[in-house]
Amino acid sequence: MLRITSARLIISVGALWALCLAGAVQAADLSVTVKDSNGRPVADAVVIADAPARSPVPGSFTISQKSMAFVPYVLVIPVGSTVEFDNLDPFRHHVYSFSPAKKFELKLFGAGQTRPVRFDKPGLVAIGCNIHDSMQAFIQVVSTPWAGTSDRTGRVVLRGVPANLRKLRVWHPHLRAPANQLVVAVDPRRSTSVPVTVKLRRPAPAHHDY
C-alpha cells in the first residue's frame, strides 16, 4: 500500500511540475511602444496588464525634489511599498496629496532631509508642493507584477505576461480620455510587441485640486 501511495505521489509531483513548465512556456515578455498621434514617442506612460496574479513584493523607492521638480515625474510601485521623498534643493518643500488612494502631508523640510511615505492601497496618487505650484508628480500604486513606465523611446517591457492576457491599460497625465486612461485590446495570438497610439492634451496649469 505504501508503494502505491508513493507512486501516486511521484505522479502527482510530476504532473504539477509539468503544469508549471507549461505555464512558463505560455508566459512571454511583452514590449509595448506608446506614441502620440504625430508618431512621436511618449515617455512616462504607465502600462498595466490586467491578469490574475499574486500581488508583487513591496519595495523601497525614491522621489527627489531637485531643481524645483519631482524626479521621477511618474513612478509605478507595488502596493505596500515605501517612497522616500528627499530634498536636494537648497530651500524647503512641502509635499502633499489629496488623492483617495493616499492622502498625506509632509510639512516643510529642508535641504538634505528625507521623509518616508508608505502606499498601502492601489490607485493613482497625484503629488504637489504646497510652496511651488509648478511641481507635480504621479505615483501609480499597483497590485499586479505586470506594470511599468515608458522610457524616452516610448517603450516599456512587461516580463512574463500570461498568454491569456486580453487587455492593457495605458495611463498618462496628459492623455485625452476619461481618467487619463485608455484600454487597449490584446490579441491572444499576439506577437511580443504591441504598438499603442494616444492623443495627448497640453498640460493644464498647476493647481491644488487633486
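Tabulated data
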| read-out | value |
| --- | --- |
| Subset of region 52-70 [of a type in the set (A, V, I, L, M, F, W, C) and touching a residue at least 60 places away in the same chain (Cβ under 8 Å)] | Ala53, Ile63, Met68, Ala69, Phe70 |
| When residues of region 25-50 are limited to those that are surrounded by fewer than 17 Cβ atoms within 10 Å (Cβ to Cβ) and in contact with a Leu (Cβ under 9 Å, 6 or more places away or on another chain), the one modelled with the lowest pLDDT | Asp50 |
| Residues that are hydrophobic (A, V, I, L, M, F, W, C), under 30 Å from Asn87 (Cα atoms) and assigned to a loop (DSSP other than H, G, I, E, B), drawn from region 35-65 | Val42, Ala43, Ala45, Val57 |
| Residue identified as more than 30 Å from Leu168 (Cβ to Cβ) and β-branched (Val, Ile, Thr) among Val83, Val47, Val76, Val95 | Val95 |
| Region 72-107, subset in a strand (DSSP E or B) and loosely packed, with under 13 Cβ neighbours inside 10 Å, residue modelled with the lowest pLDDT | Lys107 |
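The values are calculated or read from the model by the stated rules, or taken from the named source; none is laboratory data. Keep in mind that what you see is a predicted model, and the values were worked out from it rather than measured. Ideal geometry is used to build each Cβ from the backbone, glycine not excepted, and the neighbour counts take in all protein chains shown.
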